[in-house]
Amino acid sequence: MNQILEVKSVSKSFGNLVANKDISFNVNKGEVLAILGENGAGKTTLMNILFGHYMPDNGEIIFKNQSIKFGNTGNSISLGIGMVHQHFTLADNLTVLENIIIGQNSLFNITLSKKESKEKLNTLIEKFGLPINPDAMVSDLSVSQKQRLEILKTLYQDCELLILDEPTAALTPQETESLFKTVRKMVIEGLSVILISHKLNEVLSISNRIIVLRNGKIAGEKITNHADYKSLASLIVGKEVSYPKKKKNTPKGEFLRAENIFYRTEIDLDVKIKNLNLNLFGGEILGIAGVAGNGQQNLAKLLAGHAKPTDGKIFMEENEVNLFTPKNFMDLGIAYIPEDRNKDGLIGDMSIWENTIMTEIENQNISNKFGFINDTFSKEKAERICEINDVRLQSINQPARLLSGGNVQKLLIGRWLNRNPKIIIACQPTRGLDEGAIAAVHKMLLEARENGNAILIIGEDLDELISLSDKISVIYNGQLSAPLYTDNLDKLKIGMMMSGEGFGND
Amino acid sequence: MINFRLEERENKSFWMNVIAPFIAIFIALLISCFLILLAGVSPLESYKELLIGSFGSRNAIAETLSRATPLILTGLAASIAFKAKFWNIGAEGQLYAGALAVTFFGTGLIELPTILMIPFLFLVGAVAGGLLLLPLVLLKNYYKVDEVVTTLLTNFIVILLVSYLLEGPWKDPMSLGWPQGASVIDQGVLPQIVARTRLHLGFIFSIFFAVLIWILLSRHIVGYQIKAVGFNPSAASHSGLPVLKTILIVALLSGGMAGMAGVTETAGLKGYLTLDLSPGFGYAGIAVAMLAGLHPLGVIASGIFLASIYVGADAMSRSMNVPSYLADVIVAITVLCVLVSLVLIQFKVKLLGSSK
């Protein structure tokens, strides 16, 4: 077959972290190559090297018999490599057409012929089945339309190798199917596609060949026709991971009740919360399922005291809550594990011990009545918390940003558990973690449940939610369904509810 | 073209932090040599004159330290604020607010014995500086108004207010027509600490506050909160730290330090408020803080260093006939060199060979 790209023993490390080690593979003309791997396996780093964002420490990449100049995206683009990033790189205040020509010519160029560009664009739209209005403002486009535009942008620049980084993450099943149709057309036209994903089913349906990355190294390579779900899964993880099992538990009394909550703000990205009712019981996990962006963030903010409902009441153990501050909710016994642990959880530039005692700063042993901090006691306390929760570290004094994602999450959950909270609000507690850390987080949450905590988990992975939760409610467009017990749960029904079935139109 | 890349150092040594500013200052002086050469005189001679002018005699040392006094205080003001990523560049206005407070309370309105009068003047000066900053913090917190803009513009408002008061209602009738305020009463004047020089008690106060701020920032819960809010306000609030309260404390401390610089100048150096009370001490304080890496004890050293350049450059310009503006140039180059050195402490430069 006709080889278009050859990667020769590429390695890349960031400080001590080896992101890619000795990676070699090739891509043929007219082929879809899927790159699979967990978060942190090195997929994105590898693609950023290919596209010219990063400089590899060593190795060589040959594209169309030409060596790629590293660290120069302009060079990669002009050679014919295009990349559609997971987070789009579009200018919202320009039209579709302007976004396409923005990198090619200056928009202030008087001689710029938009007409010619438009003709070329329309041909591409026809040829690859990517319907879009060239004169529409990008800010008015939907997520899938924006993605189409990103693909068109690369095609317009005569790309021959297209890199798609997690393209289906924000798409509905129908949109995914239409994207794959386009990919098939592109392959027939002789283009090559590298697809980065962690969704096994999609990879099996669209790719010709699969490469699995693990810990920065190639763990295996398979022809898609000879691959199956199970063998790929074990290749990705590298070992069998045992997940803790949920035990039978009898729920205790009601810890928290939210009554007819409404919430909206003018400057809000998330949807409004409408007439939401919710009860949390001790020793029970309530899972909140839903497609991202249906009000989950606001729900979490409301229950953790980061926002005040515009209407409605929250009761904790039958007492109405009147003061909506994070501090007050903490004092009432709420522990909040935020979705973005690096932005809202950890302070990376402070030491591990300083981060660990952050929620305990008012403890009399940590700061005395004049407000002076007792370093010795604080460090011992931090050591203890880290040890109990299996946070792996070299020194308690090192900056917290050196911890891996799993250890960060164990530290964050651990320091909250140390306060003996009554209620735990966990948003996407396992997002982006490796399988071992996921199992550890599950264990921590299930243990807290056995100790009688009331727990709310907001998640996107339905299977994970079902395995952890006692009950599941679905959130859709700011409305919350009544809870369903997870024993004998109809998964199909939950899926339908996630796309809005059973909810009124506002 | 030479390709290079910055890589974070894995173990940052403590000594590198201490030595780096000195190397940076040395390099800055080397660069400044060229400018002195352009002025047509010998750099070595000039630096000698500069050194003699700033440290060469009892009087010179006293003059340098008395110039360092307001610089240390405004340097502390910038250090505290910048630690919390609150970009207070209004120390100049806060300094004048402190001076106004001293003139209001200290020229006869309130009379106390010296031992109480001096702390009282420092207190009202600090409160005035802090209160000036407070509404700006609230504007930032509730309406997201950028503090760089508001603190800078407040400087002009305060300075024009001073100008109005000194030309009008507060003008001292005994001043023979000069725009200056009434003299601070004798009990409020900061006494000399070296006889027959201008060095006054304010210098001791500035050292005392630097130590106090250092203890507060490194050992106290307030310092911990300032650090947390400065690095990541969102995470701090998610962990239950009082973010707004912390920023308010920062504003009061920062404005307070700058206000006290106004106290030392009004009640110490001059004895009364004038329009030229500060030749930009508020802005120079930013350079002092940067030079010190925002460390309160470092502020003492860098304040004295900057003062010595300013004082010494005057002497240099007199005897070598070079413009005294060289002092500003030397200070600016020094700050730039120190900032570069801070980057090099954090990161090492890895050469990647020249590209094709």
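Every number here is computed from the coordinates shown, using simple stated rules; none is lab data. From a predicted model like this one, the values you see are computed outputs, not experimental measurements. Counting neighbours? That spans all protein chains shown, and the Cβs are built from the backbone with ideal geometry, glycine included.
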query: Residues with amide H under 5 Å of residue A:217's amide H, sequence separation 5 or more or different chain, H placed in the peptide plane at 1.01 Å from N; which?
result: A:21
task: Treat the count of other C-beta atoms within 10 Å as a stand-in for reagent exposure and order B:178, B:87, B:15, A:416 from fewest to most.
output: B:15, B:178, B:87, A:416
task: Mind checking segment A:178-221 for GluC sites (Glu not before Pro) that DSSP puts in a loop (not H, G, I, E or B) and that have at most 14 other Cβ atoms within 10 Å?
output: A:189
- line: So the angle from the long Cα axis of helix A:435-450 to the longest Cα principal axis of chain A, reported in degrees to the nearest 10, equals 20
- line: Candidates B:346, B:225, B:187; GNM for chain B (alpha-carbon contacts under 10 Å) flags as most fluctuating B:346
field: Relative exposure of B:216, B:160, judged by other C-beta atoms within 10 Å (fewest first)
entry: B:160, B:216
task: Take chain B, connect every pair of alpha-carbon atoms lying under 10 Å apart with a spring to form a Gaussian network, then pick out the residue of B:284, B:60, B:307 with the largest mean-square fluctuation.
output: B:60
query: To the nearest 10 degrees, how steeply does helix A:405-417 sit against the main Cα axis of chain A, on a 0 to 90 scale?
result: 20
message: Quick check: the distance between the Cα centres of segment A:307-371 and segment B:30-55, to the nearest angstrom?
response: 57
field: For segment B:276-281, Karplus couplings with θ = phi - 60° (6.51, -1.76, 1.60), whole Hz, Gly/Pro x
entry: 9, 4, 10, x, x, 4
Förster radius 22 Å - calculated FRET efficiency between residue A:198 and residue A:328 (Cβ-Cβ, nearest 0.05): 0.05
statement: Per-residue average of other protein chain Cβ atoms inside 10 Å, peptide B:224-232 -> 5
- prompt: Taking only Cα atoms, what is the 0 to 90° angle, nearest 10, from helix A:143-156's long axis to the longest principal axis of chain A?
  reply: 30
query: Sequence-distant or interchain residues sharing an amide H contact under 5 Å with residue A:28, placed H: which?
result: A:4
- prompt: Out of the DSSP beta bridges found with both residues in the protein assembly as shown, what percent are antiparallel (nearest 5)?
  reply: 60
message: With n ≥ 4 as the cut-off for DSSP H runs, can you work out [θ] at 222 nm for chain A, using -39500 (n - 2.57) per run divided by the number of residues, rounded to the nearest 500?
response: -9000 deg cm²/dmol
field: Mean residue ellipticity (222 nm) of chain B, computed from DSSP H runs ≥ 4 via -39,500 (n - 2.57), nearest 500
entry: -23500 deg cm²/dmol
- prompt: Can you list the HN-Hα couplings for segment B:169-185, worked out from phi with the Karplus curve (6.51, -1.76, 1.60; θ = phi - 60°), rounded to whole Hz and with x for Gly and Pro?
  reply: x, 9, 5, 6, x, 8, 8, 6, x, 6, x, 9, x, 5, 6, 5, 4
task: Could you check which residue among B:151, B:114, B:64 shows the biggest mean-square fluctuation in a GNM of chain B with a 10 Å Cα cutoff?
output: B:114
query: Given H placed 1.01 Å from N in the peptide plane, which residues other than close sequence neighbours of residue A:453 have an amide H under 5 Å from its amide H?
result: A:283
statement: Phi-derived 3J(HN,Hα) across segment A:326-336 with the Karplus relation (6.51, -1.76, 1.60, θ = phi - 60°), rounded Hz, x for Gly and Pro, is x, 4, 5, 5, 4, 5, 7, x, 9, 10, 10
message: What FRET efficiency comes out for residue B:7 versus residue A:463 if R0 is 35 angstrom and r is the Cβ-Cβ distance? Round to the nearest 0.05.
response: 0.30
